[in-house]
Structure formats: structure tokens, C-alpha cells
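Working notes, structure below.
Each reported figure results from applying straightforward, stated rules to the coordinates on display, with no laboratory input. As the structure is a prediction and not an experimental result, all values here were calculated from the model. Cβ sites come from the backbone with ideal geometry, for glycine too, and all protein chains shown count toward neighbours.
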Amino acid sequence: MRLIALLLSLFAAPLCAQDRTEVDVELFLAVDVSRSMQPYELEIQRRGYAEALVSPEVQAAITGGLLGRVAVTYVEWAGVQSQRVIVPWTMIEGAEDATRVASQITAHFDEALRRTSISGALDHAAASIEANGFDGLRRVIDISGDGPNNMGPPVTQARDRVLAQGITINGLPLMTQDDSFMSRWNIPDLDVYYTACVTGGTGSFVLPVVEWSAFADAVRQKLVLEIAGLPPERLWRAQAAGRYNCLIGEEIWERNRDIFALP
């Protein structure tokens, strides 16, 4: 019996490894759908990602990789426990796969969710990457957002946990002008916040979006860089002047919560 148990233990790991699929990159697309986002902005985001995935540039990046395939999931996030899986982990190795994923993204449009927990999104993404059944040469979380973390653990703690697992975090801060009531929880230097507090890892970068009309182009450029693993120095990167306050979002939330008696 001991001999049988020993043989089973020796062969268990290789058998499990065979069940996993190797890809050039495991790409977790984490898309902000917090209440500060307007309905038309939520639609722009989904259509922008869908268009980017089927674009010739992204298709060339996918097929031009060492293995010629990537694993992608598209998840919308807001509060700590608010993660909505729109596209589960799916392998893309050609135009047909990309079109199918794009169709899933734009099949219907859901409403926004409450609060902004970048830390919750990062922790969720890292756990999802670990359990997804793929082995990527690179592992990347691509996170977008229009405001700083204001719920859950400090964002720097979540970032450091993710980076310790060898996962790269890239940022797409949405710095569009918005006169809505919810915009009072945003900050003018969100690109600097993402650089100082959210992103990190090998080849990480931040690509800000300042106009919604430029969103689709920014997403396409970002996906090409992430999938092809191109040098991040090709992109502008914000620099924080001195030490940045990475708890600014929590502080803003507390101030406004008192003023407006928010729950």
C-alpha cells in the first residue's frame, strides 16, 4: 500500500500539470463600473474592449507570440465584494475566438455598482489567475478606474500581495471631465495615483484616458503592449512629486460621508 501511495504522489503533479494550458499571457481585464460611471460610459467601455480584441493590431499581437495564444477574462468591479464576471477565462488564438469574446462583452449592458475598491479587484484578480487552469509566460492584471480606492484594504497592501506572486499590474486611469454628483470622489491626478499606488511589476505602465473619444484607441494600444510584451518606455508614465498619499480616496470618502450622511 505504501508503494502504491508513493507512486501516486510521484505521478500526481505531472498529471495535474498536463491539465493546464500554456499561453503567452494570462490577461485579467478588470473594468470599473462604480456608481460614478454614467450609463453611456459603461457602454463605451464594453464596446471599446470588444472592438480592440477584434482589431488587426491586437490579432497580430496574439498570433505573433511565442505560442500564438492568450487567456483572457473580462470582469467588472466596484466595491470589495462586487466583481461581475462578463467573460470567464477563455483562450484566444485566432479571430474566431476573439469575435466570440467580443460578442460576450457586448451581449447586454448592466447597471453600475456601488463604491470603489481597487484593492478588492486586485485581490480577486490574483486569486482568479491562480485558479484559472492556464500557465502563462506572463501574468497581467489590466485595471481601469475613474477614482481612487475608497473601500476595503489599502490599495498598496493589495498591490504588494499581487506583485509578490509575480503578477504585473497595468493601469488605465479614466481622467475624463465629468460634472456628475459622484465625481466629487475623484481626484485630478489619478494617473499619478495609479503610478504611485496601484501599478507595478515587470514592464508595468499607466496609460491615462482624458477623453472618452480616445478610449477605444487607448484600449487597443494597451492590449497590444500587454499581449506582445513590448517595452513600457514607449508610453508616457506619470511621476509623483515626492511621496504620494495613497489613502486619499479613503479620506475623501470619509469627508463626503459626513457631509452628505452617506451610509
- Could you list which residues have their amide H under 5 Å from that of E22, counting only those 5 or more apart in sequence or on another chain, with H placed in the peptide plane? D135
- Note on the structure: Checking the range 49-117 for GluC sites (Glu not before Pro) in a loop per DSSP with at most 13 other beta-carbon atoms within 10 Å yields E111
- Can you pull a Stokes-Einstein diffusion coefficient for the range 118-213 at 37 °C (0.692 mPa s), Rh from Kirkwood over Cα pairs, as a whole number of µm²/s? 236 µm²/s
- In what sequence do S204, S34 fall when counting other Cβ within 10 Å, fewest first? S204, S34
- Message: Residue by residue through the range 78-94, what is 3J(HN,Hα) from phi via Karplus (6.51 cos²θ - 1.76 cosθ + 1.60, θ = phi - 60°)? Round to whole Hz and write x for glycine and proline.
- Response: 8, x, 3, 9, 9, 10, 10, 7, 8, 10, x, 3, 9, 8, 10, 9, x
- Task: Quick one: give the max-minus-min coordinate of the C-alpha atoms of the range 21-260 along each principal axis, largest first, in Å.
- Result: 53, 36, 32
- Message: Under the rule of at least 5 residues apart or a separate chain, name every residue whose amide H is placed under 5 Å from the amide H of R84.
- Response: E76, W77
- Query: Per-residue HN-Hα couplings for the range 217-226, Karplus 6.51 cos²θ - 1.76 cosθ + 1.60 at θ = phi - 60°, whole Hz, x for Gly and Pro?
  - Reply: 5, 5, 5, 4, 4, 5, 5, 4, 5, 6
- Under the Karplus curve 6.51 cos²θ - 1.76 cosθ + 1.60, θ = phi - 60°, whole-Hz ³J(HN,Hα) for the range 64-70, x wherever Gly or Pro sits: x, x, 4, 9, x, 7, 9
